[in-house]
Amino acid sequence: MCGIVGYVGRKKACGVLIEGLKRLEYRGYDSAGICVQYDGSLAMEKCPGRIVGLEQRIASSQPIHAGRVGIAHTRWATHGEPSERNAHPHTDGSDRIALVHNGIIENYVTIKKYLEDKGHVFKSETDSEVLAHLVGEFYDDGGGPLEAAVQAALAEVSGTYGIAVICADEPGKIVAARKGSPLIIGVGKDEYVIASDASAIIEHTANVVYLSDNEMAVITTEGCRTTTLDNVPVSKEIEQVEWSLEQIAKNGYADFMLKEIFEQPEVVRTSLRGRLDLRDMRVTLGGLANVARQLVSTHKLILTACGTAWHAGLVGEYLFESLARIPTEVEYASEFRYRNPIVEEGTVVMAISQSGETADTLAALREAKEKGALALGIVNAVGSTIARESDSGVYLHAGPEIGVASTKAFTCQLVVETLMALMLGRRRFMSQTEMEGYLRALAQIPDQISTVLEQSDYIREIALRHVERENWLFLGRGYNYPVALEGALKLKEISYIHAEGLPAAEMKHGPIALIHDGMPVVFVAPRCPTYDKIISNIEEVRARKGRVIAVATEGDEHIRRYADDVVYVPACPPPLQPMLTVIPLQLLAYHAAVARGCNVDKPRNLAKSVTVE
Ligand code: F6R
């Protein structure tokens, strides 16, 4: 999704802004732009396409390279095609005010009409340009300061925004505001870096201020003043970003996705650290300590999320019901938020999100709170909106996930859910002996993931054998049914191969009609109580000449009789299997995408963090 960077300080702004935009590239974008205050005016350049294109355009612009205050943007098109005129920054009618905007102004058509009647002429098709003109209109009426005009304009706007605004007549100042779209202010020595994502800031400072919804900041070299949008002063704490520059570099890997797949043993270890206690044989989740009693006695758990995080939620349904015996439902966040769900007293709603900024998941969390539920967050990005708005929660500690396709966050979501289910299970019905068995098995998972990763080259060979096929099926049962869904999603989003994931038994109820000579069908079939059933499903596919790729438990020679290719994962109890069985599917998708020449880190049409509805 769109990215914002702003700079106020002693350095030349251009370098910081372009570097910041590059750090945000992973979020997905189709055009970029920059605007710098210089000598009482604004110097601006923008273009469709890549940031390198923007760099070429500004190469000979002395003002852009000289100014010390500026804003920049990567746009992911919503209103209007990717083009120079639709790219940000946008200016007001006088070209004295420039604005970058993430989010959507829902009532822009009405405001545009009002402004057109007053003589405003628009250059772009965007909602964001309308906001720039509205700020300009109030600025002309009131004669400044800029923050007053921004406040007046935002009072007329409905929708979501993270914005950064500069004015040629107020040198040395950026006004930033947010509602529903993240903005972070990095606080350095005599300088501030504003960004929609911490990765554009950490090169400069680890000290940050997170703006909350309906807050704004007036940032100059003298300081940063924060208020509500109604101008009530707000005192904000400076917090620390834990991410390092090394974590957001590829470190020798061809792509971020591959790096993140291979990081999984380490991040799972980190996610377990301090929580899985093998000495006292128990689970400690500090983030839930204050709500543990409520959680243990809940009669219903609702897990809500989108995409891959929703698949983690589906695994969670099996975990919470079988290990903790808590009735659990999983809801797409986009459906939960709009269908007026019944949330009875005592219900716990848990939002699962890597970014902590997904618009639908955030709205679902707010809906749950509105209805009186205890609202928990399982989130990766520290300080993100979902993390801050949850009543309590657990961080994944997966480190920054830059690849658009979620991989390590998924496994860490499973880790956190498993820990939670065990903690609750033990307090409800689980015997200490059973608990100890799971804890010992869980402690093995990082090394077992390493064993699976060692087969990457072999999985690549399998991918190459089938990569020309345009339709694949992924099938699994029980804990491995959501893994099948996740395998299909990974393949389609990065390789553009059509893939469908299903519970294996559902195949007979329709999708079996698709199976024909040579169609790849991936079975997630480790040893588990439904193993024999899934073998029957494999036979059904073979009878129709499908090509079977099986993910099976080490030592299972029997399955070789039925499958064309077998990838083995180490043995572990069924509730823990998804953490292992998903790894071959991530690698299969990765190698298929690379073989087809796809850019796995920036798949077409996709953005890393979906902050629009
Ligand atoms: C798929 C993928 C998406 C995200 C979804 C939710 O690989 O990454 O499906 O899982 O957009 O994102 P978060 O977890 O940030 O809420």
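The values are calculated or read from the model by the stated rules, or taken from the named source; none is laboratory data. A quick note: this is a predicted structure, and the numbers were derived from the prediction, not measured. Ideal geometry is used to build each Cβ from the backbone, glycine not excepted, and the neighbour counts take in all protein chains shown.
Answer yes if at least one residue in region 524-537 is within 25 Å of residue 307 (Cα to Cα), hydrophobic (A, V, I, L, M, F, W, C) and crowded, with 18+ Cβ neighbours inside 10 Å, and no otherwise.
Within region 524-537 (the criterion being within 25 Å of residue 307 (Cα to Cα), hydrophobic (A, V, I, L, M, F, W, C) and crowded, with 18+ Cβ neighbours inside 10 Å), the answer is yes, since at least one residue qualifies.
Within region 334-355, how many residues turn out to be at pLDDT 95 or above and either under 18 Å from residue 394 (Cβ atoms) or part of a strand (DSSP E or B) (or both)?
Count: 7.
Could you say whether any residue in region 222-230 is farther than 27 Å from residue 11 by Cβ and without any contact (Cβ under 8 Å) to a residue 60 or more places away in the chain?
Yes, region 222-230 has at least one match.
Can you pull out every residue in region 115-147 that is assigned to a helix (DSSP H, G or I) and either surrounded by fewer than 16 Cβ atoms within 10 Å (Cβ to Cβ) or of a type in the set (Lys, Arg) (or both)?
Passing the criteria: 116, 117, 140, 141, 142.
From the list 364, 324, exactly one residue is within 16 Å of the ligand (Cβ to nearest atom) and hydrophobic (A, V, I, L, M, F, W, C). Which is it?
Checking each option against the conditions leaves just 364.
Are any of the residues in region 561-584 hydroxyl-bearing (Ser, Thr, Tyr), touching a Leu at 6+ places or on another chain (Cβ under 9 Å) and within 21 Å of residue 309 (Cβ to Cβ)?
No; the residues of region 561-584 include none that is hydroxyl-bearing (Ser, Thr, Tyr), touching a Leu at 6+ places or on another chain (Cβ under 9 Å) and within 21 Å of residue 309 (Cβ to Cβ).
Each row is one residue, and each column tells you yes or no for (1) closer than 30 Å to residue 15 by Cβ; (2) among the small types (Gly, Ala, Ser).
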position: 76; (1), (2): yes, no
position: 80; (1), (2): yes, yes
position: 85; (1), (2): yes, no
position: 106; (1), (2): no, no
position: 109; (1), (2): no, no
position: 113; (1), (2): no, no
position: 128; (1), (2): yes, yes
position: 146; (1), (2): yes, no
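Out of the residues in region 375-402 meeting the condition of being surrounded by fewer than 24 Cβ atoms within 10 Å (Cβ to Cβ) and part of a helix (DSSP H, G or I), tell me which one is nearest to the ligand (Cβ to nearest atom).
387
Can you find a residue in region 436-445 that is more than 16 Å from the ligand (Cβ to nearest atom), surrounded by fewer than 23 Cβ atoms within 10 Å (Cβ to Cβ), farther than 30 Å from residue 211 by Cα and among the acidic types (Asp, Glu)?
There is at least one residue in region 436-445 that is more than 16 Å from the ligand (Cβ to nearest atom), surrounded by fewer than 23 Cβ atoms within 10 Å (Cβ to Cβ), farther than 30 Å from residue 211 by Cα and among the acidic types (Asp, Glu).
Would you mention how many residues in region 320-374 are among the aromatic types (Phe, Trp, Tyr), surrounded by fewer than 23 Cβ atoms within 10 Å (Cβ to Cβ) and in contact (Cβ under 8 Å) with a residue 40 or more places away in the chain?
0
So residue 355 passes all but one of these: (1) within 25 Å of residue 2 (Cβ to Cβ); (2) in contact with a helix residue (DSSP H, G or I) (Cβ under 7 Å, 6 or more places away or on another chain); (3) among the polar types (S, T, N, Q). Which condition number does it fail?
Tallying (1) within 25 Å of residue 2 (Cβ to Cβ); (2) in contact with a helix residue (DSSP H, G or I) (Cβ under 7 Å, 6 or more places away or on another chain); (3) among the polar types (S, T, N, Q), residue 355 fails exactly one: (2).
Within the set of pairs 6 or more residues apart or between chains, which connect a residue that is farther than 23 Å from residue 576 by Cβ and of a type in the set (Val, Ile, Thr) inside region 296-314 to a residue that is near the ligand (Cβ under 8 Å from one of its atoms) and not in a helix (DSSP H, G or I) with Cβ atoms less than 9 Å apart?
As it stands, the answer is 304/352, since those pairs meet every condition given.
Out of 467, 483, report the one residue that is surrounded by fewer than 22 Cβ atoms within 10 Å (Cβ to Cβ) and either closer than 16 Å to residue 585 by Cα or in contact (Cβ under 8 Å) with a residue 60 or more places away in the chain (or both).
Step by step, each of 467, 483 is checked, and only 467 is surrounded by fewer than 22 Cβ atoms within 10 Å (Cβ to Cβ) and either closer than 16 Å to residue 585 by Cα or in contact (Cβ under 8 Å) with a residue 60 or more places away in the chain (or both).
Given the criteria in contact with a helix residue (DSSP H, G or I) (Cβ under 8 Å, 6 or more places away or on another chain) and within 15 Å of residue 97 (Cα to Cα), does residue 132 qualify?
no
Just to be sure before I move on: is residue 113 among the basic types (Lys, Arg), at pLDDT 95 or above and touching a helix residue (DSSP H, G or I) at 6+ places or on another chain (Cβ under 9 Å) in the structure I sent?
Considered against the rule, which asks whether it is among the basic types (Lys, Arg), at pLDDT 95 or above and touching a helix residue (DSSP H, G or I) at 6+ places or on another chain (Cβ under 9 Å), residue 113 comes out as no.
Can you say whether residue 425 is under 30 Å from residue 255 (Cβ atoms) and either within 12 Å of the ligand (Cβ to nearest atom) or touching a Lys or Arg at 6+ places or on another chain (Cβ under 9 Å) (or both), as far as the supplied structure shows?
So residue 425 does not fit the description; no.
With respect to the numbered conditions (1) away from the ligand (no atom under 16 Å from the Cβ); (2) under 26 Å from the mean Cα position of the chain (by Cα); (3) surrounded by fewer than 21 Cβ atoms within 10 Å (Cβ to Cβ), which one is the sole condition not fulfilled by residue 301?
(3)
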